[in-house]
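J.: What follows is a structure written as C-alpha cells; I'll ask about it next.
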Amino acid sequence: LGGPVLTAQQKEVNLSEANVPAYTLPDPLRMANGKTVTTAKQWREVQRPYIYHLFETNVYGRFPRTRTQMTYKTTHTDVQALDGLATCKQVTLYLEQADTSAQLHLLLYLPNKARGRVPLFLGMNFYGNQSVINDPSIPITPGYTVTGPGIVDHRATAASRGSQASQWPVRDIVSRGYGLATFFYGEVEADKADGWETGIRSRLKDVLHIQPHEWSAMGVWAWALCRALDYLQQDPAVDPRQVILIGHSRLGKAALWAGASDPRFAMVISNESGEGGAALSKRWYGETVAVITRVFPHWFSPVYKTYAHNTDALPVDQHMLLALIAPRPLYVASAAGDQWSDPKGEFLSAKNAEPVYRLFGKRGLGNAGFPSVQRPTGEFVRYHIRSGKHDVTAYDWEQYLQFAGKHCSLP
Ligand code: GCU
C-alpha cells in the first residue's frame, strides 16, 4: 500500500525534533593529516586556510581577492539629521573605475556628539535604503527587489519608505554612540536565479578574474560588504578597527561569509540566518540543503547542491564557518517562532565553534544548555532565542548594543 516510506533525510523539510536523524559533525580542530590542532598559531597558519578553502570549494564558491579601482563620492550630507543627533551621509561607491555603472549607495548615520572615530554597525538591507528610515532625501532604489511592503512587481515604490524602520532603530544606535551604515543588497546582484547575468559577477568578471559560476550571489553580497568596509576604513568619522557586521536571514548568511572572508571586520552578528548561515546543515531540521539549493540555486556554489540529499558527505558544517570568525566576538540569535531557521541548530553550531575560541583563550558558550527564551548566554560567542517570529526586533538590537558595549570602546 502507498509508496515507499521516506526517511526524514529523503524528505526535504522536517519540523519534528524526534525525526532528526543521527549526524556527525566534523571536528574543526582535526587537520587534513589526521592530527589535532593544539595552538592558535597552527589554527591561523594551517587549519583556518584549509577550512576556509573547503567552504569556498563546497558551499559559497571562490572569493575574489583581486582589488578593483574604487572611488567614492558623497552625494548628500545632513549635519542635523534625527533632530541634530546625527550626521546623515549618502555616499556612492564606484566599485571599479572602468565601469561606472558598478555602484553601491551607502547610507550612513554618525553620532554628532562623538569625540572621535566611532564603532559602527554595517548591514545590508532587503528593500533599498529608503526602506530603512522615512526620509525623502533618500532616493528610492530602482533595482529589482524581492516581494515586500511597498514593492510592486519587484520595484520599490514610495510606499516602501520607512517600511523596515522597526528593524533599523537608527536613533537608538546613534544615541548609544555607534554609527550605522547600510546599503541595498540587490545593487550588486538581483536576488533571483538569473540575477548574475546583469550583476557584478558578470560585469566585473574580467577585472576580478573570476567567472560567474565560480562564486555565488552569497559570495558577491559578502564581497560588497568588504567593499563597503574599504570605504568605511578611510572615513574619518569611523573607527576602522571597530566595524561590526550585522545581517538578518539571507543577509545574515552573507554577513557570516563576509566575516569569515575578511578579518578586518571586528565582530559579526547573525540574526536568524538559518540554513546556509549559522544553522547546522547536517542536522535535518527546518530548512535543509535540499530545499535551499532548489529554491535559491543562485545563493551558493553549484557544488553545494550536490550535497542536497547527502549532507553526510559534506566535509564541513556551519559551526566551522562560525569558527572562522574566532577570536572575534560573534553573536548568533534565533526566534522561537522561526523554526524554519532551526534555532537549536543555530545554537549547536555556535556551541561547536567553542574549541577554536578556546585556542585563543576565549570563552564562547562554554557548557551552556539550550536556553529558554529571552535568556542570552555566552561571552565571546553569545546566543539568544527570543519569542516571536522571523524578524529583527528592539529586543534583538538591545542585546547587540549591550554585546557591542562589552567588546568595543567608544571614543
Ligand atoms: C527564505 C529562505 C531562508 C532565508 C529567508 C530570508 O525563508 O528559505 O533561507 O533566510 O528566506 O532571507 O528571509
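The values are calculated or read from the model by the stated rules, or taken from the named source; none is laboratory data. For clarity, every value in this text was computed on a predicted model and none was experimentally measured. A quick note on method: Cβ atoms are made from the backbone with ideal geometry, for glycine too, and the neighbour counts reach across all protein chains shown. We work out accessible area using only protein heavy atoms, side chains counted, and drop any ligands, DNA or RNA first. Shrake-Rupley method; radii C 1.70, N 1.55, O 1.52, S 1.80 Å.
J.: Taking only the alpha-carbon positions of region 243-292 and ignoring solvent, what does the Debye formula give for the base-10 log of I(q)/I(0) at q = 0.17 Å⁻¹?
T.: Results for region 243-292 at q = 0.17 Å⁻¹ read -0.48.
J.: Restricting to DSSP H runs of at least four residues, report the calculated mean residue ellipticity at 222 nm for the chain, -39500 (n - 2.57) per run over all residues, nearest 500 deg cm²/dmol.
T.: -6500 deg cm²/dmol
J.: Can you bin every Cα-Cα distance in region 314-358 into 5 Å intervals starting at zero and give me the percent of pairs per bin, rounded to whole numbers?
T.: 5, 23, 29, 21, 15, 6, 1
J.: For the chain, list log₁₀ I(q)/I(0) at each q in 0.11 Å⁻¹, using the Debye formula over Cα point scatterers of equal strength and ignoring solvent, two decimals each.
T.: Log10 of I(q)/I(0), two decimals: -0.78.
J.: Roughly how many nanometres apart are two label points built 7 Å out from the Cα toward the Cβ at ASP206 and THR71?
T.: For ASP206 paired with THR71, the spin-label model returns 1.9 nm.
J.: Tabulate in residue order the Karplus-calculated ³J(HN,Hα) for region 245-262, using 6.51 cos²θ - 1.76 cosθ + 1.60 with θ = phi - 60°, rounded to whole Hz; enter x for Gly and Pro.
T.: Running phi through 6.51 cos²θ - 1.76 cosθ + 1.60 with θ = phi - 60° gives 8, 9, x, 10, 6, 4, 7, x, 4, 5, 5, 5, 5, 5, x, 6, 7, 9 Hz.
J.: Then there's this: Highest GNM mean-square fluctuation, the chain, Cα pairs closer than 10 Å: which of GLN69, GLN90, GLN399?
T.: Evaluated over the chain, the most mobile residue of the options is GLN69.
J.: Let me ask something else about it. Hey, what's the Kirkwood Rh for region 27-87 if you take every pair of different alpha carbons, in angstrom?
T.: Hydrodynamic radius (Kirkwood, Cα only) of region 27-87 equals 15.9 Å.
J.: A further question follows. Apply the Karplus curve 6.51 cos²θ - 1.76 cosθ + 1.60, θ = phi - 60°, to the phi angles in region 167-173 and return the couplings in whole Hz, x for Gly and Pro.
T.: 7, 10, x, 4, 4, 5, 4
J.: So how much slack lies between ASN33 and ALA336, counting 0.36 nm per residue of separation and subtracting their Cα-Cα distance, in nm?
T.: Length gained, ASN33 through ALA336: 105.0 nm.
J.: For the chain, build the charge dipole from Cβ charges (+1 Lys, Arg; -1 Asp, Glu) around the Cα centre, then report which of ILE138, PRO28, HIS248 sits farthest towards its positive end.
T.: PRO28
J.: Can you tell me which aspartates and glutamates have their Cα less than 13 Å from the Cα of LYS389? Leave out same-chain residues fewer than eight positions away.
T.: GLU272, ASP338, ASP342
J.: Let me ask you something else. Could you work out which residue, out of GLY378, GLY84, GLY366, moves most in a Gaussian network model of the chain, that is, has the largest mean-square fluctuation with Cα springs under 10 Å?
T.: For the chain, modelled as a Gaussian network with Cα springs under 10 Å, the answer is GLY84.
J.: While we're on this one: May I have the extent of the alpha carbons of region 279-358 along their three principal axes, as whole Å values ordered from largest to smallest?
T.: Ordered largest first, region 279-358 gives principal extents of 35, 30, 21 Å.
J.: Using modelled backbone amide H atoms (1.01 Å from N, in-plane), which distant-in-sequence or interchain residues come within less than 5 Å of ILE269's amide H?
T.: LEU245, ILE246, GLY247, TYR331
J.: Below 8 Å between Cα atoms, with a sequence gap of 6+, how large is the relative contact order for the chain in percent?
T.: After rounding, I find 17 percent.
J.: Continuing with this model, one more query. Scan around GLY179 for amide H atoms under 5 Å from its own, H built in the peptide plane at 1.01 Å from N, and keep only partners 5 or more places away or cross-chain.
T.: Amide H neighbours of GLY179: LEU120, PHE121.
J.: Whole-Hz ³J(HN,Hα) for each residue in region 328-344, computed from phi via Karplus 6.51 cos²θ - 1.76 cosθ + 1.60 with θ = phi - 60°, x for glycine and proline: what do you get?
T.: My calculation for region 328-344 gives 6, x, 9, 10, 10, 10, 10, 10, 4, x, 10, 5, 4, 7, 6, x, 5 Hz in order.
J.: Ranked highest first by average number of other Cβ atoms within 10 Å, how do 43-50, 239-246 line up?
T.: Listed from highest to lowest mean packing, they are 239-246, 43-50.
J.: Over region 100-231, what relative contact order in percent results from Cα pairs under 8 Å that are six or more residues apart?
T.: 29 percent
J.: For the chain, modelled as a Gaussian network with Cα springs under 10 Å, which listed residue fluctuates most, MET70, MET267, MET124?
T.: MET70
J.: For an R0 of 35 angstrom, estimate the FRET efficiency from the Cβ-Cβ distance between GLN80 and ARG241 and round to the nearest 0.05.
T.: The value I calculate is 0.75.
J.: Now, a different point. Give me, ordered by chain and number, the residues 5 or more places off PHE184 or on other chains with an amide H under 5 Å from its own placed amide H.
T.: Sorted by chain and number, the residues that satisfy this are HIS105, ASN125, ASN129.
J.: So what's Rg/Rh here for region 321-387, counting alpha carbon atoms and using the Kirkwood radius for Rh?
T.: 0.96
J.: Can you give the Kirkwood hydrodynamic radius of region 153-208 from its Cα pairs, in Å with one decimal?
T.: It works out to 14.1 Å.
J.: Output the relative contact order of region 180-320, whole-number percent, from Cα pairs under 8 angstrom with separation of 6+ residues.
T.: 20 percent
J.: Out of all DSSP beta bridges with both ends in the chain, state the antiparallel percent to the nearest 5.
T.: Just about 50 percent of them are antiparallel.
J.: Tell me the Kirkwood hydrodynamic radius of region 1-106 in angstroms, computed as one over the mean inverse distance between distinct C-alpha pairs.
T.: 20.2 Å
J.: Now a separate question. Using the Kirkwood radius built from alpha carbon pairs, what does the Stokes-Einstein equation give as D for region 251-410 at 10 °C and 1.306 mPa s, in µm² per second?
T.: It diffuses with D of about 101 µm²/s by this estimate.
J.: Within region 352-385, what residues put their amide N at less than 18 Å from the label point 7 Å along the Cα-to-Cβ vector of GLU398?
T.: Hits in region 352-385 for GLU398 at 18 Å: 372-378, 383-385.
J.: A further question on this structure: Which number do you get for Rg(Cα) / (2.2 N^0.38 Å) in region 94-200?
T.: 1.14
J.: Output needed: percent of Cα pairs per 10 Å distance bin for region 179-317, bins running from 0 to the one holding the longest distance.
T.: Cα pair-distance distribution for region 179-317, in percent: 12, 40, 34, 12, 2.
J.: Please work out how much length the chain gains when fully extended from VAL46 to GLN97, using 0.36 nm per residue of separation minus the C-alpha to C-alpha distance, in nm with one decimal.
T.: 14.8 nm
J.: Find which of GLY179, THR87, GLY148 sits farthest along the positive direction of the dipole of region 35-188, computed with +1 on the beta-carbon of Lys and Arg, -1 on that of Asp and Glu, about the Cα centre.
T.: GLY179
J.: Tell me the volume per residue, in Å³, of the convex hull enclosing the alpha carbons of region 208-259.
T.: Hull volume normalised by residue count: 75 Å³.
J.: Mind ranking ASP83, ASP391 by accessible surface for me, highest first, 1.4 Å probe?
T.: Reading off the accessible areas and sorting them downward yields ASP83, ASP391.
J.: Return the Rg/Rh value of region 73-147, two decimal places, where both radii are evaluated on C-alpha atoms and Rh is the Kirkwood radius.
T.: 0.99
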